[in-house]
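The values are calculated or read from the model by the stated rules, or taken from the named source; none is laboratory data. Fair warning: this is a prediction, and the values are worked out from it, not measured in the lab. All Cβ positions, even for glycine, are placed from backbone atoms using ideal geometry, and neighbour counts span all protein chains on display. Accessible surface areas use protein heavy atoms only, side chains included; no ligands, DNA or RNA. Shrake-Rupley method; radii C 1.70, N 1.55, O 1.52, S 1.80 Å.
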Amino acid sequence: MLARVEGVGVRRAGGLGSQTRFSLAGLTDNQVRFFVDGVPLELSGYPFGIASIPLGLVDRIDIHRGVVPIRYGSDALGGAVDVVTDAEIEGTHAGVSYQFGSFDTHRLSVSGSHRGKGGLFVRGASFFDYARNDYPIDVEVPDDQGRLSPATVRRFHDRYRSGGGNVEIGVLDRPWAKRLLFKAFATGYDQQQQHNIVMTVPYGDVMFSEASAGATVRYENESRDGLRISAVGGYAWTQTRFLDVGECVYDWYGRCVRERADPGEIDGNDRDQLVGQHAAYGRLVAGWRPHRQHAISAAVSPTYTTRTGEERRQTDPDARDPLSAQRDAFTFVSGIDYQLDLFDDRVQNIVFLKDYVQIVRSEEPLPGDVLRNRDRNTHRFGVGDGIRVRIFDWMMAKASYEWATRLPTTDEIFGDALLVLANLELKPEISHNANLSVDIDLRNTRAGGWRLSPSGFLRDASNLIVLLGNDRAFTYQNVFEARSLGFDVAAGWTSPGEYVTLDGNVTWQSFRNTSDEGTFGDFEGDRIPNRPYMFANGVGTVGFGDIITPRDRLSVSWVTRFVHRFYRGWESVGIAQFKQSIPHQTSHAIAATYVVRGHKTEIATTLEVQNVLDAKMFDFFGVQRPGRAFFGKISVGY
């Protein structure tokens, strides 16, 4: 769903459960923050990424480009995405959704809620995902003489399983609390690793898993004199296990061709790593509207994270385990804003100040069983302004600027306990962010409804945090100076009677290294590697209602996505014809959905074909993604 939005790029490394990278208006990865009902994604019961959230639980998705409202208490640099699941609900509701399809894919989600008299509210949700991910890939295999030749094989070690659930209880719309909710959750997954990062070496035993559990408490209320209070507190425990103890050398057909001299498929070192993390989070937002044209808000948001680990196959039992080194981080983000509404809310301006604090306490393992302290304290300020003007009822213009800081996340500093290694020298990002957009929405004309949304953005960043890697592992590194300049345009048309809907968008960006000294000085003027600079999406839908029963609807949609060719490494290095690059990619999908609505129930059935033309698709490191795939889904709601 998000991939169809202008300015948004979504790239998945493979099948269900694989790594997903998200970009918004020129920035990507952790520069864009994710929330579920205003709570950080990793502390809300979905720590495995936004792709793990069952779509059936989503009411809407709010996308904030560039400037992030202070109510999130976040240090996001490039925007924020808030997945909203807690729409106002009356009475009793339940839903179940089941998806099945190619590569032995199964996704099941169940949810239910009840709001009784007196405002008592109870809600629960659970999900289970499974995929064998045994789709065909093109590789090179050696013959009896060791000569490489192309072959098509099926992935044999890429299974993914995940599941979890949450329960929420509380009260709504009482004089002393508009909302008071307690939520507990538990989730887990395990995944096999099929090959190295660039898909040149097959693995047959490498795997990793993660388990998470926690709870959050939310309180909201508003007094008669215009004072609003919103508070969130939460705790999450996460345990990650990385296992690489295989004793076989596998070929691409899944056969053990010989025994290894030493266990460990990735680099000849066996590993059985267990890393545990505790995180506590809080946010308090207070707002006051002394007059309908004026509003003031303030927010504070502390987060504390600590982790420790154990290498169960440490060779020297008397030496200190490097995974037990100190790994503590405390962040404190606060802000205040002033909102002015004029001319019957046709003009709205918000000016804000932010304060960023991060205290990192860590130890760096050195040869000789020595640990060196690598502590860092950071304190920075930020300022910004955003204005929205409704020129006509059908036209609105928006502009914003922010001098922002993004504090590195714990995974960026300490690694993710899997394939991302620690970088204890990582510094915060600092950026000047500017956005300008116009939204045109002409509805109910004789020729139908018309939509047009052009926008432009500028990101001028210092110490930009970039994920770089080789064929075995990744690290986050600072590019001293970088600038992203780009635009995106979205257009759409809906026919009279809403029988036909056409939507399309295109995004172009020039994201370049502007460092003239230091580690990346030799690549001045190059595009930041491994990021597409042009991509587009198009969706066409034909729909008809009242076909068999009243209030039913049949719709057929065609989706096309295009990603321009881009380099995996710095573009000035090497001869053009020999550089590693990700080629142009165009994929098509078709889906037919039939919805039957009764008095209290709704049943939706969807049949979908992804990658209709079976085009070769690749991720950001050249790993082949699934070809043509067929899926079916049925959802029942009450």
Which length gain, in nm to one decimal place, applies between Asp441 and Ile89 when the Cα-Cα distance is subtracted from 0.36 nm times their residue separation? 123.8 nm
Leaving ligands, DNA and RNA out of it, work out the accessible area of Cys256 with a 1.4 Å probe and give it in Å² to the nearest 10. 60
Quick one: go through segment 246-285 and flag any residue whose amide nitrogen is under 14 Å from the point 7 Å out along the Cα-to-Cβ line of Ala319. 269-271
What lysines sit close enough to Lys398 to cross-link, taking a C-alpha to C-alpha distance under 26 Å and skipping anything fewer than 8 places away on the same chain? Lys354
Could you tally the net charge around Ala329, taking each other residue with its Cβ under 10 Å from the Cβ of Ala329, Lys/Arg +1 and Asp/Glu -1? +3
Here the relative contact order (percent) of segment 315-373, from C-alpha pairs under 8 Å and at least 6 apart, is 37
Around Ile391, with a cut-off of 13 angstrom between Cβ atoms, what is the net charge of the other residues, counting Lys and Arg +1 and Asp and Glu -1? +1
Just to compare against my own numbers: the Cα pair-distance distribution for segment 164-250, 10 Å bins, whole % per bin, please. 15, 27, 19, 16, 13, 8, 3, 0
Would you please calculate the Kirkwood hydrodynamic radius of segment 398-473 over all C-alpha pairs and express it in Å, rounded to one decimal? 16.0
What FRET efficiency comes out for Leu485 versus Asp355 if R0 is 35 angstrom and r is the Cβ-Cβ distance? Round to the nearest 0.05. 0.80
Mind checking the dipole of segment 486-638: about its Cα centre, +1 per Lys or Arg Cβ, -1 per Asp or Glu Cβ, Debye to the nearest 20? 520
Suppose accessible area is computed on protein heavy atoms with a 1.4 Å probe; arrange Met396, Met207 from highest to lowest. Met207, Met396
Taking only protein heavy atoms and a 1.4 Å probe, the highest-to-lowest accessible-area order of Arg390, Arg132 is Arg132, Arg390
Where does the charge balance sit around Arg527 when Lys and Arg score +1, Asp and Glu -1, over other residues with C-beta under 13 Å from its C-beta? +3
For segment 1-147, with only Lys/Arg (+1) and Asp/Glu (-1) charged at the beta-carbon, what is the dipole magnitude about the Cα centre, in debye rounded to 20? 460
Per-residue SASA entry for Asp614, accessible area with 1.4 Å probe, Å² rounded to 10: 80
With an 8 Å cut-off on Cα pairs and a minimum separation of 6 or more residues, tell me the relative contact order of the chain in percent. 10
Using 7 Å Cα-to-Cβ label points, what is the Ile387/Leu55 separation (nm, one decimal)? 4.0
Take the Cα pairs of the chain, get the Kirkwood Rh, then feed it into Stokes-Einstein at 25 °C and 0.890 mPa s and tell me D in µm²/s. 92
Averaged per residue, what accessible surface does the chain expose to a 1.4 Å probe, in Å²? 47
Among the listed pairs Lys183/Lys633; Lys600/Lys633; Lys579/Lys616, which have their C-alpha atoms separated by more than 22 angstrom in this model? Lys183/Lys633
Rounded to a whole number, what % of the accessible area of the chain do carbon and sulfur atoms account for, probe 1.4 Å? 57
For Arg283, Arg553, the accessible-area ranking with a 1.4 Å probe, largest leading, is Arg553, Arg283
Using helices alone, what [θ] at 222 nm do you get for the chain, with -39,500 (n - 2.57) per DSSP H run of 4 or more residues, divided over all residues and rounded to the nearest 500? 0 deg cm²/dmol
Can you compute the modelled spin-label distance between Asp552 and Trp176, with each label point 7 Å from Cα toward Cβ, in nm? 5.2
Which value, in debye to the nearest 20, gives the size of the charge dipole of the chain about its Cα centre, when Lys and Arg are +1 and Asp and Glu are -1 at the Cβ? 1960
Bin all alpha-carbon pair distances of segment 27-113 at 10 Å intervals from 0 and give each bin's fraction as a whole percent. 15, 42, 28, 14, 1
Please find the FRET efficiency linking Ala151 to Phe128, where r is the Cβ-Cβ separation and R0 is fixed at 35 Å, and quote it to the nearest 0.05. 0.55
On the full set of protein chains, 1.4 Å probe, figure out the accessible area of Arg147 and give it in Å² to the nearest 10. 150
Distance in nm between pseudo-label sites at Asp267 and His564 (7 Å out along the Cβ direction from Cα): 3.6
Between Ile590 and Arg224, what's the calculated FRET efficiency when r is the beta-carbon distance and R0 is 45 Å? Round to 0.05. 0.25
